[in-house]
Every structure is written in C-alpha cells, then in structure tokens.
Amino acid sequence: MSIVKIAPSLLAADFGNLQRDVEMVNNSDADWHHIDVMDGVFVPNISYGMPVVKAIQKYATKPLDVHLMIVDPDRYIQTFADLGASILTVHYEACTHLHRTLQAIKAAHMKAGVALNPHTPVHLLEDIIQDIDLVCVMSVNPGFGGQSFIENTYQKVQALKALIKKKDTSTLIEIDGGVTSSNAKALTDAGADVLVAGSFVFKSDNPSQTIKELKEIAK
Ligand code: DX5
Ligand code: ZN
C-alpha cells in the first residue's frame with residue numbers, strides 16, 4: 001500500500017473566493033497546492049500570473065507545486081522561488097537546455113520537475129532522469145481544466161516507473177489532467193505517486209470530502 005499525494009489544481013477554484021478555496025485545501029487531506037501558470041504561447045490559454053500566485057502563497061500552508069506551461073521558463077525561475085514555490089515544473093518541450101534549467105531550479109532551492117506532453121515519449125528522459133525530482137505526466141493536452149483523460153497515460157506511467165527503477169532514482173511520478181475517482185486507483189497501481197485533480201475536486205459538492213475519497217481510493 002502506497003500513500004499517494006493529492007494536489008488539487010487551483011485552476012478550477014472560484015477565483016472570486018480564492019482565499020476560501022486555498023483554505024479548503026489547507027484544511028483537507030490534500031498534500032500540495034497545484035498552481036498552473038499558462039502564457040498563451042506554449043499553450044492556447046492564459047491562466048494567471050505572479051500577483052495571483054502571491055495571493056495564493058499568502059494563505060497556503062502546504063507546499064506550492066508550480067506547473068509552468070510557458071516558453072523560456074528560465075527567465076522566471078528566481079521569480080517563482082521568491083514567490084515561495086517548493087516544486088517548479090517546466091515542460092520538456094519548452095526547454096532547449098533542460099539539464100541547465102534543472103540545475104538552475106535546484107540552485108534556487110526548489111525541487112525540479114519536468115512535464116511531458118501526451119505525445120512526448122518517456123524514453124527521452126533516459127539521460128536526465130537522475131536530475132529530476134518529479135516527472136509530471138500530462139494525461140490531457142495542457143492548457144485547460146476539465147478535459148478527458150487520455151488512456152495511453154497508463155503505459156507511459158509504467159514505462160516511467162521502469163526507467164526510475166532501472167536508474168535507481170527517487171523521482172516522483174505526478175499525473176495531471178482528467179483525474180477522477182474512476183482512474184485514481186489504476187494510476188497508482190501503474191506507479192503514480194502524486195495525483196493532480198482540478199475539476200473533479202472543485203466542481204464537486206463537497207471538495208474537501210472529494211479529496212479525502214480520492215486519497216482513500218488511490219491507496
Ligand atoms: C492542465 C493543467 C491541469 C488542470 C487539471 O493544463 O495542467 O493542472 O488544472 O484540471 P482537471 O483535473 O480538471 O483536468
Ligand atoms: Zn497542471
């Protein structure tokens with residue numbers, strides 16, 4: 001039995017009641033606050049930027065898991081460190097010099113994450129996995145909440161788990177997109193350590209209870 005981490009995605013929160021929703025996460029069984037930053041260039045949507053992350057940080061009591069869906073993320077590594085990010089995840093597809101980017105994230109005292117788009121194969125991490133604290137496997141095309149889960153994710157998670165074992169690293173596997181109580185158990189069985197859930201949590205009648213149930217199911 002493994003204890004899975006739950007990271008509710010604030011993208012699905014009610015921005016008019018952001019403090020309330022951050023505090024709901026604080027008081028729930030959730031482990032991290034998942035924060036999606038989109039630039040309208042890397043992905044076809046703009047979410048929120050630094051002032052909103054600062055507002056989240058003001059109330060959040062759990063680690064900030066920041067997912068950058070932006071081009072040239074190197075420009076903002078120190079900014080997100082200053083905003084209190086614990087984990088900073090960049091996209092494989094947005095980094096020409098990924099090794100350098102990961103070293104810069106660690107030098108800024110954050111855990112370094114790499115996100116893979118649905119079309120990006122896991123084997124591309126073969127020579128960098130030992131430098132990655134967390135791989136975020138995108139189970140939808142990044143840019144929007146509320147999309148349906150891509151089934152091919154399971155085999156990617158298995159392949160990634162095998163790579164992590166082969167290289168004997170302690171890299172965590174995070175799943176992002178379309179996570180619900182229907183796929184949570186199969187994902188952790190395949191090797192997932194962290195489940196991000198946006199719509200499934202925040203659009204439910206009782207988000208705190210939904211987080212608890214998700215964590216229980218995914219054990
Ligand atoms: C998608 C974001 C996700 C999103 C997940 O680009 O990275 O974190 O908020 O939302 P759901 O859980 O609704 O698919
Ligand atoms: Zn995300």
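Just so you know, all these numbers are worked out from the coordinates, no wet-lab data involved. For clarity, every value in this text was computed on a predicted model and none was experimentally measured. Note: ideal-geometry Cβ built from the backbone for every residue, glycine included; neighbour counts use all protein chains shown.
Structural remarks
- Charging the Cβ of each Asp and Glu at -1 and of each Lys and Arg at +1, and nothing else, the dipole of region 95-219 about its Cα centre rounds to 140 debye.
- Between K54 and K203, full extension at 0.36 nm per residue minus the direct alpha carbon distance yields a gain of 51.3 nm.
- Sequentially through region 73-86, phi angles give Karplus couplings (6.51, -1.76, 1.60; θ = phi - 60°) of x, 3, 4, 10, 4, 5, 4, 6, 4, 5, 7, x, 5, 8 Hz, Gly and Pro residues having no value and appearing as x.
- In the chain, the DSSP-assigned H stretches of four residues or longer account for a calculated mean residue ellipticity at 222 nm of -9500 deg cm²/dmol, using -39500 (n - 2.57) per stretch and the full residue count as denominator.
- Filter on K5/K167; K62/K167; K54/K161; K62/K185 - keep pairs with C-alpha separation over 27 Å: K62/K167; K54/K161
- Globularity index of region 1-134 is 1.04 (Cα radius of gyration / 2.2 N^0.38 Å, N = number of residues).
- With contacts taken as Cα pairs under 8 Å at a separation of at least 6 residues, the chain carries a relative contact order of 23 percent.
- Mean Kyte hydropathy of -1.0 or more with a Cα span along the axis of at least 18 Å, helices from DSSP in the chain: 153-167
- Taking every alpha-carbon pair under 8 Å whose residues sit at least 6 apart, region 126-219 reaches a relative contact order of 29 percent.
- With N counted as the residues of region 139-192, its alpha-carbon radius of gyration over 2.2 N^0.38 Å works out to 1.17.
- Summary: within the chain, the longest segment free of GluC sites (Glu not before Pro) located in DSSP loops with at most 12 other C-beta atoms within 10 Å is 1-125.
- Here the Karplus relation 6.51 cos²θ - 1.76 cosθ + 1.60, evaluated at θ = phi - 60°, turns the backbone of region 190-197 into coupling constants of 6, x, 5, 10, 9, 10, 8, 9 Hz, with x for every Gly and Pro.
- Once the Cα-Cα distance is subtracted from the 0.36 nm per residue extended length, the D14 to K106 segment shows a gain of 29.9 nm.
- Efficiency of FRET between Q155 and H99 - r from beta-carbon atoms, R0 35 angstrom, step 0.05: 0.85
- Rel. contact order, % - alpha carbon contacts under 8 angstrom, at least six apart, region 16-60: 44 percent
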